[in-house]
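Only one structure is covered here, and it is reproduced in the block below.
The values are calculated or read from the model by the stated rules, or taken from the named source; none is laboratory data. As the structure is a computational prediction, the values presented were derived from the model and not from experiment. Here the Cβ positions follow ideal geometry from the backbone for every residue, glycine too, while neighbour counts run over all protein chains shown. These accessible areas exclude ligands, DNA and RNA; they are computed on the full protein's heavy atoms, side chains included. Shrake-Rupley method; radii C 1.70, N 1.55, O 1.52, S 1.80 Å.
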Amino acid sequence: RCFSTAGVCAPTRAALMTGCHPTSIGAHHMRTTHTNEHAPDLPTPYEAAPPHYVSAFTEPLRRAGYCCTLDSKADYQFGEPFTMWDEHGEGADWRTDRRDAGQPFFTMLTRPGTHESGMWDPDHDGPGVDPVTDLSTDPEAVAVPPWLPDTEPVRLAVARQYDQVAAADEGGGDVLDRLAADGHADETVVVLTSDHGEGLPRAKRWPYDAGIHVPLVVRWPGHTEGDASDALVSLVDLAPTVLSLAGVDVPPYVEGHPFLGPEREDREYVFASRDRY
């Protein structure tokens, strides 16, 4: 029962990185870009400007001695403050030269395959991820959401998405294998989630369950051993959870709550919003 704060990526990533709802920090519009034909000299795009006291949770982690890296998608509405990451770029992880021997680390790995563009027709001219062409999933066997027409293009899109999810799952296994090979498997908390729900129409960009319901899988050796939880979680809770588990004080402006560990707080509700997308 994990939900994002918006049905689209960038506003949710603002919440994920700060622990604040995007409506609280001016990051609730998808892509803070605006082209005004009547004022062509206005700068475009512009970026959200959170309050001066709000920072990404990687910044207190870094101050506490963690090496923080991002591979690859930096998409959180408020630019790329240089204080967020020790290293950001394709392939950046805990093996970076910027990390000292024995230094604790936080690594964020982003996989683009399950983006909605991964479901588009392979002949499309739009941006994004190249869809899979050789399907492993039988389009005739997929379940079509009841709000979409049961047509061949819809079935092909859903089948492509199933294949992309399988590839993402395999990628998660690769991460676990690399952690084990480096001797970190028993001392690292691993979180698998997504920044919003399904990429199909009426799901992505909308705060219906289909647009905000996301996976949440946590591997915490000695604490989570295959247990399922029915706790209600919002992705705004991820930042305070990471800080709490690392023994770092959660800033007072953070609106989320730890969903794991000794400072865990259960919630009754999640809140999601939609504005100009």
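Tabulated data for the structure shown
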read-out: Test result for D249, under 29 Å from A101 (Cα atoms) and either out of contact with any Pro (no Cβ under 6 Å at 6 or more places or on another chain) or of a type in the set (S, T, N, Q) (or both); value: yes
read-out: Conditions (1) of a type in the set (A, V, I, L, M); (2) in contact with a helix residue (DSSP H, G or I) (Cβ under 9 Å, 6 or more places away or on another chain); (3) open to solvent by less than 40 Å² (accessible area, probe 1.4 Å): number failed by A231; value: (2)
read-out: Odd one out for A74 among (1) buried (at least 20 other Cβ atoms within 10 Å of the Cβ); (2) of a type in the set (A, V, I, L, M); (3) in contact with a strand residue (DSSP E or B) (Cβ under 7 Å, 6 or more places away or on another chain); value: (1)
read-out: Qualifying residue in the range 249-266 (condition: buried (at least 17 other Cβ atoms within 10 Å of the Cβ), over 18 Å from G113 (Cα atoms) and under 15 Å from the mean Cα position of the chain (by Cα)); value: no
read-out: Residue that is modelled with the lowest pLDDT, among those in the range 28-63 that are assigned to a loop (DSSP other than H, G, I, E, B) and among the acidic types (D, E); value: E37
read-out: Restricting the range 50-71 to residues that are over 30 Å from V129 (Cβ atoms) and among the hydrophobic types (A, V, I, L, M, F, W, C), the residue that is most open to solvent (accessible area, probe 1.4 Å); value: A64
read-out: Residues of the range 78-108 satisfying the condition of being basic (K, R) and open to solvent by 100 Å² or more (accessible area, probe 1.4 Å); value: R95, R98
read-out: Residue identified as farther than 29 Å from V236 by Cβ, at pLDDT 95 or above and surrounded by 19 or more Cβ atoms within 10 Å (Cβ to Cβ) among T137, T188; value: T137
read-out: The one condition in (1) open to solvent by 30 Å² or more (accessible area, probe 1.4 Å); (2) touching a Gly at 6+ places or on another chain (Cβ under 9 Å); (3) β-branched (V, I, T) that V236 fails to fulfil; value: (1)
read-out: Number of positions in the range 147-205 that are among the aliphatic types (A, V, I, L, M), part of a helix (DSSP H, G or I) and closer than 28 Å to G222 by Cα; value: 10
read-out: Residue check for G226: of a type outside the set (V, I, T) and open to solvent by 70 Å² or more (accessible area, probe 1.4 Å); value: yes
read-out: Any pair with Cβ under 7 angstrom, 6 or more apart, that starts in the range 217-236 at a residue that is within 17 Å of D266 (Cα to Cα) and ends at one that is outside any strand (DSSP E or B) and modelled with pLDDT under 95; value: V218/T224
read-out: Search result, residues across the range 77-104 that are under 22 Å from L176 (Cβ atoms) and in contact with a helix residue (DSSP H, G or I) (Cβ under 9 Å, 6 or more places away or on another chain); value: D93, W94, R95, P104
read-out: Matching residues in the range 215-240 - criterion: being closer than 24 Å to D177 by Cα and not in a loop (DSSP other than H, G, I, E, B); value: L216, V217, V218, R219, L238
